[in-house]
1. List every residue pair whose Cβ atoms sit under 6 Å apart, with the two residues 6 or more apart in sequence or on different chains, where the first one lies in the stretch 433-451 and is farther than 23 Å from GLU408 by Cα and in a strand (DSSP E or B) and the second, anywhere, is at pLDDT 75 or above and of a type in the set (D, E, K, R).
2. Determine whether THR404 is modelled with pLDDT of 75 or more, in contact with a His (Cβ under 9 Å, 6 or more places away or on another chain) and surrounded by fewer than 16 Cβ atoms within 10 Å (Cβ to Cβ).
3. Under 7 Å between Cβ atoms, at least 6 apart or on separate chains: pull out the pairs that start in the stretch 190-213 with a residue that is without any contact (Cβ under 8 Å) to a residue 40 or more places away in the chain and surrounded by fewer than 17 Cβ atoms within 10 Å (Cβ to Cβ) and end on any residue that is among the hydroxyl-bearing types (Ser, Thr, Tyr) and not in a strand (DSSP E or B).
4. Looking only at the stretch 378-392, how many residues end up being modelled with pLDDT of 80 or more and touching a strand residue (DSSP E or B) at 6+ places or on another chain (Cβ under 6 Å)?
5. Kindly indicate whether GLN165 is surrounded by fewer than 22 Cβ atoms within 10 Å (Cβ to Cβ) and either at positive phi or over 20 Å from the mean Cα position of the chain (by Cα) (or both).
6. Out of all the residues in the stretch 164-194, which are out of contact with any Ser or Thr (no Cβ under 9 Å at 6 or more places or on another chain) and within 19 Å of ILE135 (Cβ to Cβ)?
7. Please report, ordered by residue number, the helices (runs of 4 or more DSSP H) entirely within the stretch 226-315 with at least 1 residues that are crowded, with 20+ Cβ neighbours inside 10 Å, in contact (Cβ under 8 Å) with a residue 24 or more places away in the chain and out of contact with any helix residue (DSSP H, G or I) (no Cβ under 6 Å at 6 or more places or on another chain).
8. Consider the stretch 98-123. How many of its residues are modelled with pLDDT of 90 or more and small (Gly, Ala, Ser)?
Amino acid sequence: MKKSLLWVLILLINVPFCTAASTQQTIEAALSAHIQQKTPKAPQDSTLTTSRKQQIRLALQAVMQKHQLKNSVPISFDTFLNKSNQLQKTQQQAAHIQEQAQAAFYQAFFFKGQPRMLFQGLPDYAKDLQGKKYIFIGEASDHDQHAPVQHTVHILKTIRAKNPQAKMLLANEFSLISDTHTWPIRFANIKNENITTFEGYDVLESVADRLNIDILALDDGCLEEDATGTFFSKIGPQWVSFNPKDSRIQNIASDFGMDSTDPNMTAVSFQYFLASNPYGVELRNRQWVSYLKAIESFYDIIVVYAGNAHVDISGDRDSVPLMLNPLQAVTIYLYSTEELPAQLKEDYATREKIQNKFKNKTEDLQPIETFEDNLEEEDLSDDIDFTIDFSKPNYRRYDGKITTAWREKHIRNQSAFNTFKQQQFAFENLLGRKPLNFPQWLTFDVYLDGF
């Protein structure tokens, strides 16, 4: 018998859970609601035959067909773990190189007099987002979701007001589908019953309808079972085969507080484990990028809304912006002081503990002194604006073009600057990256209610 289960648990991976429900309650709800195979319903769209909508749908279907189980080569749990550990080893080495680059960075430049970065209040999105095709919005995982969602609504309204005729898309991590035989697009004001949006984020749907913005459900997840009792879990474009009677997998279910004797409950718990694993996160990012590349030519403006880890451009993971690598983009990271529910904090700790059980011991690398703390006070005096009231909304605005150009005219140590460039090249080469455009992007860190 074949089963398909909605991947409701994905919300816990990098972003706060939408309700105060525990991981156990969430797993049980996902299981009871979606244990039976659901027949996808066609979106209620009398205009779906219009050329543009049909082309978008077909472009997405072409990608999704490649990701169906019958067209894929599943990997085993052991292979998944090996790939995960290799990825984490590479990321650790890349982080070490990045520390060396940062050390050289603080030796290379004068900082006094550089363009101002700290400001009170909130950014002027009407001005700064104009002319940008890709806008990446990330929310941090250490707070509740209310303020970032409302601020994202504000951003969408601002963009639409400045671009009333633009074809807009909201690519949303918090909307997902449960079947790979349908399409993950919700055209404005056209219901698609195959898409589920999480509680707390569903306001984005009503706002998108009013603003005539389509929504792309970035995540999908399926669990399928064949006649032999082998389960297959879909993580991004990759399927992972497993036996729910495997003692390691049963232990994962037990650690999550699930009934490890129930193969369906064990399978859902295991899928959550895979999706929250660093390699699982990267796989999901790859799928999102394949969707976006397939339909980006149909839109003038694309807003990607996800957890910070998926849109981070400063770290050692392959995030969505870095894989897309658009020429012009804006990244906005939203932070809030809203507290997470106590149960969710406990769930995060449990998840981290379970993931650590399967990590290989990594090599201890020699710490690198960044020299940031050794800078003279006058070096940073222009970067720190002591008139800012950090208990109120404030933001850091980094204009890559302006700041990079200014610093390269104010080099105080050419040797350190050369080392910085060499280490940056080594960092990107280790991760297999082509030359990236993000140093030229505009980036905001927005503290919605201070910190």
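The values are calculated or read from the model by the stated rules, or taken from the named source; none is laboratory data. Just so you know, these numbers come straight off a predicted model, no measurement behind them. Note: ideal-geometry Cβ built from the backbone for every residue, glycine included; neighbour counts use all protein chains shown.
1. Short answer, once both residue conditions are applied: ASP445/ARG396; GLY450/LYS392.
2. For THR404, the condition - modelled with pLDDT of 75 or more, in contact with a His (Cβ under 9 Å, 6 or more places away or on another chain) and surrounded by fewer than 16 Cβ atoms within 10 Å (Cβ to Cβ) - is not met.
3. Once the first residue is without any contact (Cβ under 8 Å) to a residue 40 or more places away in the chain and surrounded by fewer than 17 Cβ atoms within 10 Å (Cβ to Cβ) and sits in the stretch 190-213, no partner that is among the hydroxyl-bearing types (Ser, Thr, Tyr) and not in a strand (DSSP E or B) comes close enough.
4. So the answer is 4.
5. Values: surrounded by fewer than 22 Cβ atoms within 10 Å (Cβ to Cβ): yes; either at positive phi or over 20 Å from the mean Cα position of the chain (by Cα) (or both): yes.
In short, yes.
6. PRO164, GLN165, ALA166, LYS167, MET168, LEU169, ALA171, GLU173, ILE185, ALA188
7. Passing ranges, in order: 263-276, 278-295, 308-311.
8. 1
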